[in-house]
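Structure first, commentary second.
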């Protein structure tokens, strides 16, 4: 059952200024629902401490298009994957770091297990690599690589959040000039983009900014 059908059973469906909507109190709305609803083609609006899931409207909402096409794994990619697993990162975190899908990461782990490069982990924990004897050089390389990956990941997140701030600053300038009005629900997405450690929140914010700019042209 799709999320929108589940929400219809939990919350009232009413006519509003946005059209026919599911009306959800703001404090009961899970931000994670936003991306799933957008993928299914439903827009969300926020007003008066409520979130309106638009069921029918004159505005056509284009579902998100996610490119799941995989790219070939190199030997260096496998080394990164093994290192990230040894650090205890989840499949989701590894996929985000390497710029791949979770399914691609899981499939690669299975392949490395078959090749004997990785040993099966216990209770779903990340796999452990087979360590050869006298591998001090490899251990030093792994430690340095781990530090570099951590720095790159933190820097990537920081730059991503800075990009969102620059976009909102630009929108505020346009609002002061009277060129557009920033909707209240966009501020909610902006706060999520800065405070939540989830790249999807920042992607949603940027998508809504693009739609707002297109509508104001």
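The values are calculated or read from the model by the stated rules, or taken from the named source; none is laboratory data. Being a predicted model, the structure only gives us computed values, none of them experimental. Using ideal geometry, Cβ is built from the backbone for each residue, glycine included, and neighbour counts are taken over all protein chains shown.
When you scan region 150-159, do you find a residue that is within 27 Å of residue 26 (Cβ to Cβ), modelled with pLDDT of 85 or more and assigned to a helix (DSSP H, G or I), even just one?
Within region 150-159, the subset within 27 Å of residue 26 (Cβ to Cβ) is 157.
Now narrow it down to the ones that are modelled with pLDDT of 85 or more: none.
No, that holds for no residue.
Considering only region 144-153, I want to know if a residue exists there that is within 20 Å of residue 45 (Cβ to Cβ), in contact with a helix residue (DSSP H, G or I) (Cβ under 7 Å, 6 or more places away or on another chain) and surrounded by 11 or more Cβ atoms within 10 Å (Cβ to Cβ).
No, because not a single residue in region 144-153 is within 20 Å of residue 45 (Cβ to Cβ), in contact with a helix residue (DSSP H, G or I) (Cβ under 7 Å, 6 or more places away or on another chain) and surrounded by 11 or more Cβ atoms within 10 Å (Cβ to Cβ).
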Looking across region 178-202 at residues that are in a helix (DSSP H, G or I) and free of Cβ contacts under 8 Å to residues at least 60 places away in the same chain, the single one that is surrounded by the most Cβ atoms within 10 Å (Cβ to Cβ) is 193
On the given criteria, is residue 34 more than 24 Å from residue 202 (Cα to Cα) and either in a helix (DSSP H, G or I) or touching a strand residue (DSSP E or B) at 6+ places or on another chain (Cβ under 9 Å) (or both)? no
From the option list 123, 115, single residue qualifying as at pLDDT 80 or above and loosely packed, with under 13 Cβ neighbours inside 10 Å is 115
